[in-house]
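S.K.: Input: one structure, supplied below.
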Amino acid sequence: MAKIDKRWTRRDWLLSASAMAAGIAGPTGQVLADSQASYKRSASGPIRVAVLLGSNATLIDVAGPWEVLGAASYVCSGFNAYSVAATREPVLCDDGRSVMGEGKPASAPRIVPDFTFADAPQPGVVIIGAQLGDEAPAVEWIQRVAHNADLVGSVCTGAFLLAKTGLLDGKRATTNRNAYDDFEKSFPKVKLVRGVRFIDSGRVATATGLTAGIDLAFHIVERYYGRDAAQELAVYEEWRQIGSS
């Protein structure tokens, strides 16, 4: 992601920000979808979803979508989600607290990646959450697998990493609302949209902060399996509603 000032964390942004802007109602809020077309489902089984992990990842950015897509098998053929990273060393998912200082607790779970960039299966969907660390290998891997993926999606400031691949150039995108200005300055070729929950731009999608990744995951289910399946899954997950698309 873009270099962040001093001792900032994504959580600090949220804690210091005011309540959700008017017009973004409930847990889902406004969405933008440039494509209504359904993704083609594979006849060979569940759709593969690669969840990208980088150092100091934000847990809910990846765990939220992973839970929704993992549970989709209750209502449809479902998804096979797996984690991918530069190495198989455990990734501390602490939202960057351990490197930002100021006495913030670093307590957080560690996830052992299932695959590395060298041996990960080709995914149909890629999910990129907020993370720190060496970006070059991740950018190269995203660019490589994107050619044969249906969708590459980001959550929160994972949009910075996605934008570095060039896949967002000329498209509408969003990110954590507290990172709007930084994102807009960093990526002038991307059409930043403010005040939306997520944006589906066809083969790329971007969600705003944290729990918005859950809404994006429900949308992915809908694109593959239809709105009825997505709504049934939302009931199972006790999510109040799914976003309109």
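Computed from the coordinates by the stated procedures, all read-outs in this text should not be read as laboratory data. Quick caveat, the model's predicted, so the values are computed rather than measured. Positions of Cβ are generated from backbone atoms using ideal geometry, with glycine treated the same way; all protein chains shown enter the neighbour counts.
S.K.: Amide H to amide H under 5 Å from Ser83: which residues, 5+ apart in sequence or cross-chain, H placed 1.01 Å off N in plane?
M.R.: Excluding prolines and chain starts, which carry no amide H, the hits are Val51, Asp114, Phe115.
S.K.: Moving on. Order these by the 10 Å Cβ neighbour count, fewest first: Val221, Val139.
M.R.: Val139, Val221
S.K.: For the stretch 164-178, take each phi angle, set θ = phi - 60°, evaluate the Karplus expression 6.51 cos²θ - 1.76 cosθ + 1.60, and give the result in whole Hz per residue in order, putting x for glycine and proline.
M.R.: Result, rounded to whole Hz: 5, 6, x, 5, 8, 4, x, 10, 7, 7, 9, 7, 3, 4, 7.
S.K.: Could you tell me which GluC sites (Glu not before Pro) in the stretch 73-159 are loop residues by DSSP with no more than 10 other beta carbons within 10 angstrom of their beta carbon?
M.R.: Here the GluC sites (Glu not before Pro) that fit, given the DSSP loop and packing criteria, are Glu102.
S.K.: Neighbouring Cβ atoms within 10 Å as the yardstick, rank Thr116, Thr174, Thr206, Thr87 fewest first.
M.R.: Thr87, Thr116, Thr174, Thr206
S.K.: If you don't mind, there's one more thing I want to ask. Applying a 10 Å radius around every beta-carbon, put 222-230, 185-193, 208-216 in order of their mean neighbour count, most first.
M.R.: Values: 222-230: 19.7, 185-193: 16.3, 208-216: 26.1.
Sorting 222-230, 185-193, 208-216 by mean packing, highest first, produces 208-216, 222-230, 185-193.
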